[in-house]
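Notes follow once the structure below has been shown.
The values are calculated or read from the model by the stated rules, or taken from the named source; none is laboratory data. Keep in mind it's a predicted model, so treat the numbers as computed, not measured. Heads up, the Cβs are rebuilt from the backbone with ideal geometry, glycines too, and the neighbour counts pull from every protein chain shown.
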Amino acid sequence: MTVLVTGGAGYIGSHTCLELLGQGYEVVVVDNFCNSSPEAVKRVKALSGKEFEFYEADVRDEKALGDVFRRHDIGCVIHFAGLKAVGESVQMPLRYYGNNLESTIKLCEAMKRAGVNQIIFSSSATVYNGENAMPLTEASRTGDCTNPYGWTKYMCEQILRDAAATEGLSVVLLRYFNPIGAHVSGQIGEDPADIPNNLMPYIAQTAVGRREYLRVFGSDYSTPDGTGVRDYIHVSDLAKGHVAAIQYCQKHTGCEVFNLGTGKGTSVLELLRAFEKAVGKPIPYQITERRPGDLATCYAATEKAAEVLGWRAEKTIHDACADSWRWQSMNPMGYGK
Ligand code: NAD
Ligand code: UFG
């Protein structure tokens, strides 16, 4: 089967393309490189030993998207394409609502015209309301998002839920927790365009000497060591979760939502220590003020994905740290845009 992967040059998309190719799927990728590099596509081809069609296009470009659906017999779509920087979304809300909502709507319309009805959407744990008890189940309350990025995910989920009910789409919403790590080869990984907002790339860039020290945002949370606790999931496990979702999509209609996490909470200092172990040297850090909007703790209930998709995360934070370090040390400047 041929899978159309939007945003397939990005961090999670590139790892998922590699996994799909390894499992015998054909892939077609659409990406406009607004937050990625052609080098990632080149490396996925080299690592997989397989060729695939790549289209440099904006998902909002109706003509370009229509051409892709005409040229290929697409069975299923994975929609990664979107803007994802929380802080930037606060500065530029219209850019975020414009890109993330419009790309999703245009994609659904193009699918409908082409008679393609299966879509897997990259959602996020950010759609959950901050007042929920842990672990977060798929039934935990959503909404009251704290930034425009989060609202775009919340709104896209609703758009897709409605489209499944009335337009005959088969939709799987995947709520990712905190993706980290890199492919075990060290050839593809996370390559933030600017100063990283997220913890793992910041630690990795500090370890490689691109940043002076890590700021640990708060040590007075009600967590075992006072620092924030998150559910870090290896990007290669996440990629496998998408293959499981495709298989689910083949057999079911309607709209279903799954958490993709490990179910295990790790603190900022625990992740830092695990990375230090992978690198074999201390990484400088300073405790600073809390970052506005951050929760103390966030981790997933994983039973639904295990029972229904037959998928569970397998890798540890130690695997992820070793793989991230391999990627960062082999590619100190990322893909070198
Ligand atoms: P990424 O920025 O590395 O990948 C997104 C890709 O989409 C990029 O290659 C970018 O160039 C492309 N893109 C963006 N808008 C486009 C458009 N209009 N047309 C064509 N291409 C476009 O991000 P990622 O970390 O791989 O995330 C993938 C998806 O998962 C995103 O939707 C993101 O919001 C979601 N997500 C990510 C995380 C995370 O922490 N990484 C967590 C939860 C959800
Ligand atoms: N942190 C630091 N220093 C840093 C960066 C982060 O101490 O330089 C801390 C944060 O305070 C938090 C933890 O590390 O306790 C994780 O922070 P991240 O920014 O890496 O991740 P978040 O959990 O804040 O958010 C991420 C994505 C969101 C997504 C969410 C759930 O940025 O888009 O995971 O998937 F919605």
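A few points about this structure:
- Residues (out of contact with any Asp or Glu (no Cβ under 7 Å at 6 or more places or on another chain), more than 14 Å from Asp191 (Cβ to Cβ) and basic (Lys, Arg)) located in the range 1-56: Lys50
- Helices (runs of 4 or more DSSP H) contained in the range 1-109 and holding at least 2 residues closer than 22 Å to His183 by Cα: 11-22, 38-48
- Residue that is nearest to ligand 2 (Cβ to nearest atom), among those in the range 110-154 that are assigned to a loop (DSSP other than H, G, I, E, B) and of a type in the set (Val, Ile, Thr): Thr146
- Of all residues in the range 3-35, those being polar (S, T, N, Q), more than 19 Å from Lys240 (Cβ to Cβ) and surrounded by fewer than 20 Cβ atoms within 10 Å (Cβ to Cβ) number 1.
- Annotation note: of Ser103, Ser170, Ser140, the sole residue that is buried (at least 22 other Cβ atoms within 10 Å of the Cβ) and either among the hydroxyl-bearing types (Ser, Thr, Tyr) or within 23 Å of Gly261 (Cβ to Cβ) (or both) is Ser103.
- Counting only residues that are of a type in the set (Lys, Arg) and more than 9 Å from ligand 1 (Cβ to nearest atom), the range 153-186 holds 1 of them.
- Residue count, the range 198-225 (criterion: away from ligand 1 (no atom under 16 Å from the Cβ) and without any contact (Cβ under 8 Å) to a residue 24 or more places away in the chain): 1
- Residue count for the range 11-53 under the criterion of being of a type in the set (Phe, Trp, Tyr), within 13 Å of ligand 1 (Cβ to nearest atom) and in contact (Cβ under 8 Å) with a residue 40 or more places away in the chain: the result is 1.
- Residue that is at pLDDT below 95 and polar (S, T, N, Q), where the choices are Thr104, Thr146, Thr126: Thr146
- Exclusive hit being in contact (Cβ under 8 Å) with a residue 40 or more places away in the chain and either within 16 Å of ligand 1 (Cβ to nearest atom) or β-branched (Val, Ile, Thr) (or both), set Gly150, Gly98: Gly150
- Filter result for Ala313 (more than 13 Å from ligand 2 (Cβ to nearest atom) and part of a loop (DSSP other than H, G, I, E, B)): yes
- Any hit, the range 36-54, residues being in contact with a Ser or Thr (Cβ under 8 Å, 6 or more places away or on another chain), under 21 Å from Gly241 (Cα atoms) and not β-branched (Val, Ile, Thr): yes
- Where a residue in the range 311-322 is under 14 Å from Gly261 (Cα atoms) and its partner, wherever it lies, is of a type in the set (Lys, Arg), with Cβ under 8 Å and at least six apart: Trp311/Lys240
- In the set Ala40, Ala64, only one residue is in contact with a Phe, Trp or Tyr (Cβ under 9 Å, 6 or more places away or on another chain) and surrounded by 18 or more Cβ atoms within 10 Å (Cβ to Cβ); that residue is Ala40.
- The range 155-170, subset touching a residue at least 60 places away in the same chain (Cβ under 8 Å) and farther than 17 Å from Gly98 by Cα, residue farthest from ligand 2 (Cβ to nearest atom): Gly168
- Boolean, Glu314 is surrounded by fewer than 15 Cβ atoms within 10 Å (Cβ to Cβ), under 15 Å from His234 (Cβ atoms), charged (D, E, K, R) and at pLDDT 95 or above: yes
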